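In what follows, a structure is listed as structure tokens, so that the remarks can point back to it.
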Amino acid sequence: MSAFWALMMRDIRLAVRQGGGGGMAVGFFLIVVSILPLGVGPDLNLLSRIAPGLLWVALLLSVLLSLDRIFHADYEDGTLDLLATGPLPLQLVVIAKMLAHWVTTGLPLVIAAPVLGILLNLDPAAFVPMTLTMLAGTPALNFLGAIGAAITLGVRRGGLLVSLMVMPLYVPVLIFGVGAVNAVITGPAPFGPPFLVLIALTLISAVISPVAAAAAIRMNLD
Amino acid sequence: MQLRAENLECVRGGRKVFSGLSFGCADGEGLLLTGHNGCGKSSLLRQIAGLVRLAGGDLVLEGGDPELTIGQQTHYAGHLDALKPPLTAHENLQFWAQIYGGDADEALAGFGLTHLRDIPAGLLSAGQKRRLGLARLFLGNRPIWLLDEPSVSLDKASCDVLGDLMRAHMGRGGMVIAATHVTLGVAFTHQLEMHRGQGVFKRFEGMP
């Protein structure tokens, strides 16, 4: 278990020291959200109605932007070779790296979302549900993204390819995330069911992703 | 403990690199891999480490820990140093010490890197990076060392340290399998001469 924590803490420390990861994702989130009203127009009622959807789509794009960083540095400098011969199964290596990635990019995005909600005139009643859905949904985005990032390891400039592969997998998370928030704002459906489905999506991806990503990494080391 | 390979075959990118390689290496023995560039020395080392799939043949470690894969009983030192530029020399080794076990400061001292302890790895020279990467050999207690051109960019003094380290490991009953163009003063016991996808396994008779 100490190897697991060591890997996770090392990744967090690297992200903090190198900068880039979390800060870049949050910056991108901010830019997308502040540009959208310029395109849609200053109609506060309209913005308020589409705010949950806009925030979620911007969140998806920001997460996508950070994905290709997860394994690539470790692949290029040979760290993955050594981790693959290490005592920790590759599946756990993936989970440790995913947790670190979520702490350094997913969590800052979730924290930024309510603040950006103000820019879009988000319904005051929706702030807490919005944050809850993103807290529950972002791990799923990271886990699903890890599969894409692992598959495209050997590809130069794999970032775009990751987006193409992973975006369709994000659709259910988007639908149920926005669905849960809209349920609070407009009703009449309750918040519970879509939120529980969102949690289920996260749990399912947390099981599938480490196995799939580990297999993809092995294939790429070959 | 004995590592035995029978009729190993390696295919990469649809191209056959080598086939029919058979060799063995036992406790305290050193196996030198020789051959021209591209003959598959690195691929063979990666196969032993479990990173490259065996296209055919058998690789067994008799007397090894049955709970672990062969790769988990090896120290693999390839072309890449697996260092993180923003972390200091000590932080880099400390991480691997937590993975492999062992003491990072002792490992640093082993390769004469103590004075660079708090320097970010990104600022080190190529040779210093190489030494920092090889300092991992001090960590943990893995019986099989797989060294791929370990002497590249090392100076004379560091080559001597590396040679001493390899001899000490063999003296403790460890195995060293190395692809190198300089003997480093190590008394290899066997040699695998690779040529045109074939290999000749024989007793070591000095550098070609």
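The values are calculated or read from the model by the stated rules, or taken from the named source; none is laboratory data. Keep in mind it's a predicted model, so treat the numbers as computed, not measured. Using ideal geometry, Cβ is built from the backbone for each residue, glycine included, and neighbour counts are taken over all protein chains shown.
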Look at A:Leu153 and say whether it is surrounded by 20 or more Cβ atoms within 10 Å (Cβ to Cβ) and not in a helix (DSSP H, G or I). yes
Which of the numbered conditions does B:Asp105 fail, given that it passes all the others? Conditions: (1) more than 14 Å from chain A (Cβ to nearest Cβ); (2) more than 20 Å from B:Ala26 (Cα to Cα); (3) under 19 Å from the mean Cα position of the chain (by Cα). (3)
Within region A:185-201, the count of residues that are in contact with a helix residue (DSSP H, G or I) (Cβ under 7 Å, 6 or more places away or on another chain) and over 14 Å from A:Ala136 (Cβ atoms) comes to 3
Checking B:Gly122 against (1) modelled with pLDDT under 85; (2) within 25 Å of B:Ala89 (Cα to Cα), which single condition isn't satisfied? (1)
Breaking point among (1) assigned to a loop (DSSP other than H, G, I, E, B); (2) in contact (Cβ under 8 Å) with a residue 24 or more places away in the chain; (3) surrounded by fewer than 21 Cβ atoms within 10 Å (Cβ to Cβ), for B:Glu205: (2)
Is it the case that region B:68-81 has a residue that's aromatic (Phe, Trp, Tyr), at pLDDT 85 or above and over 29 Å from B:Thr189 (Cα atoms)? no
Of the residues that make up region A:86-94, is at least one within 13 Å of the chain's Cα centre (by Cα), closer than 30 Å to B:Leu146 by Cβ and within 14 Å of chain B (Cβ to nearest Cβ)? no
For A:Pro210, state whether it is part of a helix (DSSP H, G or I), surrounded by fewer than 22 Cβ atoms within 10 Å (Cβ to Cβ) and of a type outside the set (Val, Ile, Thr). no
Would you check which residues across region B:58-69 are at the interface with chain A (Cβ under 10 Å from one of its Cβ atoms) and among the β-branched types (Val, Ile, Thr) and list them? B:Thr69
Search region A:73-85 for residues being more than 7 Å from every other protein chain (Cβ to nearest Cβ) and hydrophobic (A, V, I, L, M, F, W, C), and hand back the single one that is surrounded by the most Cβ atoms within 10 Å (Cβ to Cβ). A:Leu80
Residues of region B:70-94 being facing chain A (nearest Cβ under 8 Å), more than 16 Å from A:Leu80 (Cα to Cα) and not aliphatic (A, V, I, L, M), in sequence order, are B:Pro86, B:Glu91
Out of all the residues in region A:95-117, which are more than 14 Å from every other protein chain (Cβ to nearest Cβ), of a type in the set (A, V, I, L, M, F, W, C) and in contact (Cβ under 8 Å) with a residue 24 or more places away in the chain? A:Ile95, A:Met98, A:Leu99, A:Trp102, A:Val103, A:Leu107, A:Leu109, A:Val110, A:Ala112, A:Ala113, A:Leu116
If A:Leu64 passes every condition in (1) more than 14 Å from the chain's Cα centre (by Cα); (2) within 21 Å of A:Leu36 (Cβ to Cβ) but one, which one does it miss? (1)
So, in region A:118-159, how many residues would count as being over 23 Å from A:Pro193 (Cα atoms) and touching a residue at least 60 places away in the same chain (Cβ under 8 Å)? 15
Can you give me the ranges of the helices (runs of 4 or more DSSP H) entirely in region A:1-72 with at least 2 residues that are within 14 Å of chain B (Cβ to nearest Cβ)? A:2-18
I'd like to check something: does region B:34-57 contain any residue that is over 16 Å from B:Trp145 (Cβ atoms), more than 16 Å from the chain's Cα centre (by Cα) and facing another protein chain (nearest Cβ under 10 Å)? yes
Collect the residues in region A:115-141 that are in contact with a Leu (Cβ under 8 Å, 6 or more places away or on another chain) and part of a helix (DSSP H, G or I), keeping them in residue-number order. A:Leu116, A:Gly117, A:Met130, A:Thr133, A:Met134, A:Ala136, A:Gly137, A:Thr138, A:Ala140, A:Leu141
Check whether at least one residue in region A:190-205 is within 14 Å of chain B (Cβ to nearest Cβ), of a type outside the set (Phe, Trp, Tyr) and over 16 Å from the mean Cα position of the chain (by Cα), and report yes or no. no
